[in-house]
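Read through the structure below, which is laid out as structure tokens, and then see the notes.
Rule-based calculations on the coordinates, nothing more; no lab input. Here the structure is a predicted model, which means the values were calculated and not measured. Glycine gets a Cβ as well: all are built from the backbone with ideal geometry, and neighbour counts include every protein chain shown.
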Amino acid sequence: MNLILVFEQLLNGLQFGVMLFLMAAGLTLVFGIMNLVNLAHGSLYMVGAYLTVAAVQWTGSYPLGVLLGLAGTLVVGMLLEVVALRTLYERDHLDQVLATFGLILFFNELIAILWGRTALFMSLPSYLQGHVEIFPGSIYPLYRVVVIGVGLVVGAALWYVVAKTRLGMLIRAGASNRTMVAALGINIRLLYTVVFGFGAALAGLAGLMAGPIYAVQPGMGELILIQVFVVIVIGGIGSIRGALVGALVVGVVDTLGRAFLKPLLGHFISPPAAEAAGPALASMLIYLLMALVLAVRPEGLFPAKSG
Amino acid sequence: MADAILEVRELRKAFGALAATDGISLEVREGETHAIIGPNGAGKTTLISQLAGNLRPDSGSIRFAGEDVTPLSAPARAHKGFARSFQITSIYRDFTALDNVALAVQAHAGHSFRFWRAAREERSLRDPARQVLAEVGLGARADVLAANLAHGEQRQLEVAMALATRPRLLLLDEPVAGMGLEESQRMVQFLSGLKGRQTIILVEHDMDAVFSLADSISVLVYGRIIASGTPEDVRANPEVRRAYLGEEA
Amino acid sequence: MRARALILAACVLLLLAVPALATLLKQPYYIDLIRRVMIFAIAAVSLNLILGYGGLVSFGHAAYLGVGGYSVGILAFYGIHNGWLQWSVAIAASALVALVIGAISVRTRGIYFIMITLAFTQMLYYLGISVEEYGGDDGMRLKVKSQFSGLIDLGDPVAFYYLVFALLLVCTYLTYRLVNSRFGLVIRAAKSNEARTRAIGFSPYPYQLAAFVISGALCGLAGALLANHTGYVTPAYMDWTRSGEIMFMVILGGMATSPGPALGAFALLVAEDLLAGWTEHWQVILGPLLVLSVLFFRRGLAGLLPGGGKDG
């Protein structure tokens with residue numbers, strides 16, 4: 001087994017994990033604080049990608065396009081919260097699941113109306129293209145390194161905000177005792193809208209970073225959303241730390257599995273059987289992992305205090 | 001005098017830094033009505049929850065009729081003869097009063113992996129349920145939806161469900177909470193009719209109820225029992241007066 | 001209550017008359033449409049058992065449509081066309097899958113349960129895509145429909161229609177008896193108040209798991225029917241949006257009622273059909289409609305019936 005190949009796939013896994021983390025952090029925050037199951041989180045990921053593609057085309061500048069795309073997703077997120085999601089805070093999870101499911105159908109079709117169903121191409125500026133040499137003789141796409149970097153920086157910033165700032169304190173307090181925070185005179189509605197917008201921006205960031213790597217098309221959000229669910233189940237609901245650990249684990253396991261399970265199996269069983277079983281097993285790997293974690297720790301690895 | 005049917009030894013339960021149950025030991029004899037009183041936050045409901053099997057103690061043991069029941073879950077304890085009423089009314093709101101009690105009967109009437117026969121037509125379930133309802137005074141309200149019962153009636157239903165399981169140990173958590181004067185007097189009268197036939201552990205704030213029902217009392221303060229004995233002993237105990245009864249008097 | 005029975009009887013009669021009416025009006029398409037509606041109604045009946053009556057929000061029910069459908073498809077692929085065998089395998093395989101998934105998920109609560117059932121269905125979906133032998137992404141054609149030794153020809157649209165109709169009635173009735181049996185009352189009690197259920201001496205887990213398995217098995221039957229109806233089986237049977245659709249049928253129709261699932265299937269699929277005839281972008285209209293129905297129409301269609309719709 002080529003060690004450099006393994007390392008490259010590890011980096012890929014890290015990159016995937018970082019994107020899963022951005023999604024998972026937003027989703028788990030919203031669930032932890034507002035007790036809201038939001039299936040439309042994937043739609044915000046999609047909105048981020050599409051708005052950025054449009055903005056880059058419109059302004060001709062990648063940085064400006066990214067900024068506009070992020071800002072646009074933030075606005076869409078907050079609008080969504082105010083218009084559609086507020087009424088769901090009081091409802092049970094079933095209602096939230098159903099309502100946000102309806103929103104997914106709406107968003108996917110809206111995007112299809114505006115931009116069609118074929119995948120869009122998101123072009124990268126020249127300074128983000130190209131490769132870096134990670135080992136002598138081995139090159140790795142620069143853009144993916146940037147994605148990993150951005151993800152880690154955002155993760156650190158998130159940790160800082162939640163652990164060290166007043167807003168973060170409100171967030172943590174709101175997660176464990178909503179009524180108390182409201183009783184203290186904090187504008188809960190505003191807090192919720194801000195938190196939701198925050199989560200939407202994170203999803204949008206993940207979406208726009210995903211653009212050049214994966215396909216930008218209607219329904220792109222749901223494919224990653226389910227994997228985000230696996231991350232949250234493994235990591236534990238309501239916990240950013242759990243989201244990070246879960247995301248990295250899922251990202252690396254899934255990527256390594258897809259890359260190496262078939263050849264690995266080929267060592268033990270006949271090549272045609274490995275050819276058939278390899279991809280199938282690889283795609284099931286993270287779900288089997290989830291089942292394993294659940295069997296041992298039903299609340300996930302790092303669940304936040306339930307409140 | 002009957003032997004101790006319930007022996008609790010050094011029960012401890014902490015929530016983070018808060019020791020809700022701080023080394024509680026007590027003994028209750030068969031047929032005895034034992035009241036647990038104490039100020040709010042003393043840990044009374046936490047204690048009842050541990051006795052009923054809803055909460056796992058951190059350490060200590062609970063023995064019932066000579067058997068260690070500490071590792072048993074709530075349903076398992078129910079089958080050993082434990083029955084519980086909840087402090088905050090916990091009934092099946094979308095079923096009738098009769099349905100509620102019949103379910104309690106069903107839990108102890110053979111297995112429930114029966115898929116065809118309508119359970120509401122089983123006389124062996126409905127008749128005992130009606131009987132218990134009549135005993136607690138809800139006979140006329142059998143077909144009323146539990147959600148539509150008055151608060152006091154719902155408390156009665158709580159007790160009826162506990163009784164329907166033909167328990168050996170009744171754990172009653174504030175049975176007259178929220179009841180008006182007349183209602184609570186009727187409930188107390190009913191409960192006193194059970195004395196001797198049932199072993200009862202009663203958590204209560206209503207002192208009239210406590211002193212007319214209890215054979216023995218334990219006083220719980222900050223997770224610890226500061227006094228235990230007959231009502232007269234407890235009433236006379238200076239520590240108790242200071243900590244609790246003093247506030248009442 | 002008399003009025004309710006009359007209305008439901010009228011619905012049954014109407015369903016009986018559809019093939020004749022359709023032939024009369026020279027619109028055979030409606031036989032197909034309503035047959036499809038009834039197949040999904042069976043799926044909705046199965047989900048209603050654990051979702052409506054049991055309170056288990058399973059977002060992965062489409063998995064059993066897939067297992068049932070692929071059971072038929074795979075057996076046919078190997079030349080086994082005996083319908084009795086195929087459909088028995090479909091039901092048994094679905095029950096087994098439900099047992100495995102249920103054993104892991106039913107222990108969990110709330111949002112975990114929703115996400116886990118969704119994730120497992122997705123896993124099966126990916127499994128379906130990656131097994132090239134059975135068509136992968138494109139799925140398989142069912143060249144020969146399930147054979148029932150001359151008793152019934154599924155190739156005859158009207159005969160197949162009445163078979164589905166009969167099965168829908170049977171499944172609805174079976175569920176009705178189930179939810180009023182001792183077993184059913186425990187399931188409903190666990191949904192209504194779990195703490196109370198444990199306190200009187202029931203451990204909900206074995207009952208909920210059993211209900212989960214029964215529900216999966218019934219839905220597997222729907223899958224076998226669907227495969228014969230459409231003539232092909234694809235991983236899209238297990239698409240999670242399909243799970244969402246079945247959930248909506250249960251909700252729209254009225255949870256925990258007998259006529260609910262059929263009413264909901266009818267409402268949703270006919271609405272989809274009408275909207276799709278209007279515009280290819282019908283989901284942009286259906287989406288908000290569904291959201292509004294969740295916010296304002298929770299009692300469902302059965303709640304509109306005289307007598308409130310509740311089964312007691």
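Estimated from helical segments only, the mean residue ellipticity of chain A at 222 nm is -25500 deg cm²/dmol, where each DSSP H run of four or more residues counts as -39500 (n - 2.57).
When each of B:136, C:18 is scored by the number of other beta-carbon atoms lying within 10 Å, the sequence from fewest to most is C:18, B:136. Taking N as the residue count of the range B:1-118, its C-alpha radius of gyration divided by 2.2 N^0.38 Å amounts to 1.23.
So for the range A:197-289, considering every pair of alpha-carbon atoms, how many percent are separated by more than 20 Å? That fraction is 48 percent.
Build a GNM of chain A with springs between Cα atoms under 10 Å apart, and of A:160, A:287, A:143 the one that fluctuates most is A:160.
Dipole orientation for the protein assembly as shown: of the candidates A:118, C:83, B:48, C:83 has the Cα lying most toward the positive pole (charges on Cβ; Lys, Arg +1; Asp, Glu -1). Computed as a quarter of the hull surface, the mean projected area of the alpha carbon convex hull for the protein assembly as shown stands at 42.2 nm².
For the range C:1-153, take every pair of Cα atoms, bin their distances at 10 Å starting from 0, and report each bin as a whole percent. Percent of pairs per bin, in order: 9, 27, 31, 24, 7, 0. Across all directions, the average projected area of the convex hull around the alpha carbons of the range A:44-124 is 5.8 nm². Per residue of peptide B:91-98, the mean number of Cβ atoms on other chains within 10 Å of the residue Cβ is 3. At a Förster radius of 41 Å, what calculated FRET efficiency corresponds to the Cβ-Cβ distance of residue B:116 and residue C:82, to the nearest 0.05? The computed FRET efficiency comes out at 0.90. Couplings 3J(HN,Hα) of the range C:109-125, computed from phi: 10, x, 5, 4, 4, 4, 5, 5, 4, 5, 5, 5, 5, 4, 4, 5, 4 Hz, in residue order, whole Hz [Karplus 6.51 cos²θ - 1.76 cosθ + 1.60, θ = phi - 60°; x for Gly and Pro].
P(r) tail, chain A: Cα-Cα pairs separated by more than 35 Å, 21% of all pairs. Legend: P(r) of the range C:186-244 from all alpha carbon pair distances, 10 Å bins from 0, whole percents, reading 20, 33, 23, 18, 6, 0. A compact globular protein would have a Cα radius of gyration near 2.2 N^0.38 Å; the ratio found for the range B:95-191 is 1.09.
The Cα center of the range A:97-129 and the Cα center of the range B:67-131 differ in position by 53 Å.
Quick one: plug the Kirkwood hydrodynamic radius of the range A:70-208 (C-alpha pairs) into Stokes-Einstein at 25 °C, 0.890 mPa s, and report D in µm²/s. Using the Kirkwood radius from Cα pairs, D works out to 134 µm²/s. The angle between the Cα long axis of helix B:151-164 and the longest principal axis of the Cα atoms of chain B comes to about 80 degrees, rounded to the nearest 10.
Here the scattering of the range B:149-199 is modelled by Debye summation over its C-alpha atoms, one equal scatterer each and no solvent; at q = 0.16, 0.26 Å⁻¹ the log10 of I(q)/I(0) is -0.43, -1.09.
Label-to-label distance for residue C:169 and residue C:25 is 2.2 nm, based on points extended 7 Å past Cα in the beta-carbon direction.
Fraction of C-alpha pairs exceeding 24 angstrom in chain C: 53 percent, rounded to a whole number.
Here the convex hull built on the C-alpha positions of the range A:1-95 has a volume of 133 cubic angstrom per residue. Over chain C, dividing the summed -39,500 (n - 2.57) contributions of all DSSP H runs of at least 4 residues by the number of residues returns a 222 nm mean residue ellipticity of -24000 deg cm²/dmol. Round to the nearest 0.05 the FRET efficiency obtained for residue C:205 and residue B:236 when R0 = 60 Å and r is the Cβ-Cβ distance. Calculated value: 0.75.
The alpha carbon convex hull volume per residue for the range C:177-312 rounds to 146 Å³. Amide H contacts for residue B:224 (H built 1.01 Å from N in the peptide plane; partners 5 or more residues away or on another chain; cut-off under 5 Å): B:22. Taking packing as the residue-averaged number of other Cβ atoms within 10 angstrom, the listed peptides A:192-204, A:271-283, B:213-225 run from highest to lowest as A:192-204, B:213-225, A:271-283. Estimated from the Cβ-Cβ distance and a Förster radius of 51 angstrom, the FRET efficiency linking residue B:67 and residue A:165 is about 0.40.
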